[in-house]
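Structure record follows, encoded as structure tokens.
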Ligand code: AMP
């Protein structure tokens, strides 16, 4: 397994393998890997000759405080990568990825609208940084001003910008992303279609991967370590209520409004036992357009974001077919 920290070396590594007719998969992550990531890596490995894992905590998709606090454990990541037979780890520094950023603080300031306005429908690129030489992708309103994006639209600009850079550095045939982050997945699929028409380059296939859950049903995540056992139990109850919603929506036609009202009363009846529970949002959306649907049907997504004692969690659940078939 090779560990590579420079973009040019990464490109040379991939080009050599492509010239030898090997297929290449990219699995982009922020590190602090768990079994959800391992599933992405295993799926990538079983369908490609080579797998690149990228580990990069991308400053432009975080507020400074979150960026500093993001858990990092390179040794544990290395171990997991080895056990998944990863061929190369791409682990660039911030300086390597953003050489035209005058400072780290400048990167965080990008989030506060130092750039042009976003288009309602189309992806656009703002040229920012020293000599205006850093391409900063702006995700259109139609995809970003929905679900979590309404709270922090700049987050998805940061994700789109870095994923495009990771594509350029690793030159993959396929890139693997989890259905757990459904808005991110829809945005990246749409960006990828746009990039392909722009550049006429070798198209990259984006492969969505099902959610992996812990035995109690919560989607595996490094954030779960923040919960006390009592908070975790409450999170499980909410997740079960959302699963129940998906089962009801699957079994017979309902109006979304009625389903969401049933969910609200299930939450009211939950015993939060002195914990502070806030449902930030719950929506039933189309997975491609991210628009709320009135009549939920198989393939639609229930997405909820909630806070337990200030710890923010999210839950994504696809409506039918049955849980065992698609793993969601
Ligand atoms: P992250 O490091 O959190 O950015 O995640 C990297 C990739 O792993 C993203 O495409 C996520 O959607 C995916 N992922 C994270 N957790 C899970 C999970 N529990 N099941 C499946 N995919 C996941």
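The values are calculated or read from the model by the stated rules, or taken from the named source; none is laboratory data. All values reported here derive from a predicted model rather than from experimental measurement. FYI the Cβ positions are ideal-geometry reconstructions off the backbone, even for glycines, and counts take in every protein chain you see.
Within the stretch 286-300, is there a residue that is in a strand (DSSP E or B), touching a strand residue (DSSP E or B) at 6+ places or on another chain (Cβ under 8 Å) and either at pLDDT 95 or above or surrounded by fewer than 13 Cβ atoms within 10 Å (Cβ to Cβ) (or both)?
There is at least one residue in the stretch 286-300 that is in a strand (DSSP E or B), touching a strand residue (DSSP E or B) at 6+ places or on another chain (Cβ under 8 Å) and either at pLDDT 95 or above or surrounded by fewer than 13 Cβ atoms within 10 Å (Cβ to Cβ) (or both).
Got a sec? Which of 42, 73, 5 is in contact (Cβ under 8 Å) with a residue 12 or more places away in the chain and closer than 20 Å to residue 226 by Cα?
Only one candidate qualifies: 73.
A quick yes/no check of all residues on (1) surrounded by fewer than 18 Cβ atoms within 10 Å (Cβ to Cβ); (2) in contact (Cβ under 8 Å) with a residue 40 or more places away in the chain; (3) within 16 Å of the ligand (Cβ to nearest atom):
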position: 133; (1), (2), (3): yes, no, no
position: 138; (1), (2), (3): no, no, no
position: 148; (1), (2), (3): no, yes, yes
position: 153; (1), (2), (3): no, no, no
position: 160; (1), (2), (3): no, no, yes
position: 166; (1), (2), (3): no, yes, yes
position: 174; (1), (2), (3): no, yes, yes
position: 179; (1), (2), (3): no, yes, yes
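Going by what's in this entry, would residue 239 be described as out of contact with any helix residue (DSSP H, G or I) (no Cβ under 8 Å at 6 or more places or on another chain) and in a helix (DSSP H, G or I)?
Judged against the criteria, residue 239 is a match.
Just to be sure before I move on: is residue 85 out of contact with any helix residue (DSSP H, G or I) (no Cβ under 9 Å at 6 or more places or on another chain) and farther than 30 Å from residue 130 by Cβ in the structure I sent?
No, not satisfied.
Inspect all residues belonging to the stretch 51-59 and state whether any of them is more than 11 Å from the ligand (Cβ to nearest atom), in contact (Cβ under 8 Å) with a residue 60 or more places away in the chain, within 18 Å of residue 206 (Cα to Cα) and not in a loop (DSSP other than H, G, I, E, B).
Yes.
Residue 92 is checked against (1) modelled with pLDDT of 95 or more; (2) touching a helix residue (DSSP H, G or I) at 6+ places or on another chain (Cβ under 7 Å); (3) part of a loop (DSSP other than H, G, I, E, B); (4) surrounded by fewer than 19 Cβ atoms within 10 Å (Cβ to Cβ) and fails just one. What number does that condition carry?
(4)
Looking only at the stretch 38-48, which residues are in a helix (DSSP H, G or I) and more than 9 Å from the ligand (Cβ to nearest atom)?
38, 41, 42, 43, 44, 45, 46, 47
Out of all the residues in the stretch 245-261, which are in a helix (DSSP H, G or I) and surrounded by 15 or more Cβ atoms within 10 Å (Cβ to Cβ)?
245, 246, 248, 249, 250, 256, 259, 260
Mind checking which residues of the stretch 19-37 are touching a residue at least 60 places away in the same chain (Cβ under 8 Å), surrounded by fewer than 23 Cβ atoms within 10 Å (Cβ to Cβ) and more than 6 Å from the ligand (Cβ to nearest atom)?
23, 32, 34, 35
Residue 225: more than 14 Å from the ligand (Cβ to nearest atom), surrounded by fewer than 16 Cβ atoms within 10 Å (Cβ to Cβ) and either at pLDDT below 95 or within 17 Å of the chain's Cα centre (by Cα) (or both), yes or no?
So residue 225 does not fit the description; no.
Are any residues in the stretch 206-217 in contact with a helix residue (DSSP H, G or I) (Cβ under 8 Å, 6 or more places away or on another chain) and away from the ligand (no atom under 11 Å from the Cβ), and if so, which ones?
Within the stretch 206-217, 216, 217 qualify.
So residue 203 ticks every box in (1) within 7 Å of the ligand (Cβ to nearest atom); (2) out of contact with any strand residue (DSSP E or B) (no Cβ under 6 Å at 6 or more places or on another chain); (3) free of Cβ contacts under 8 Å to residues at least 40 places away in the same chain but one. Which box is left unticked?
Unmet for residue 203, out of (1) within 7 Å of the ligand (Cβ to nearest atom); (2) out of contact with any strand residue (DSSP E or B) (no Cβ under 6 Å at 6 or more places or on another chain); (3) free of Cβ contacts under 8 Å to residues at least 40 places away in the same chain: (1).
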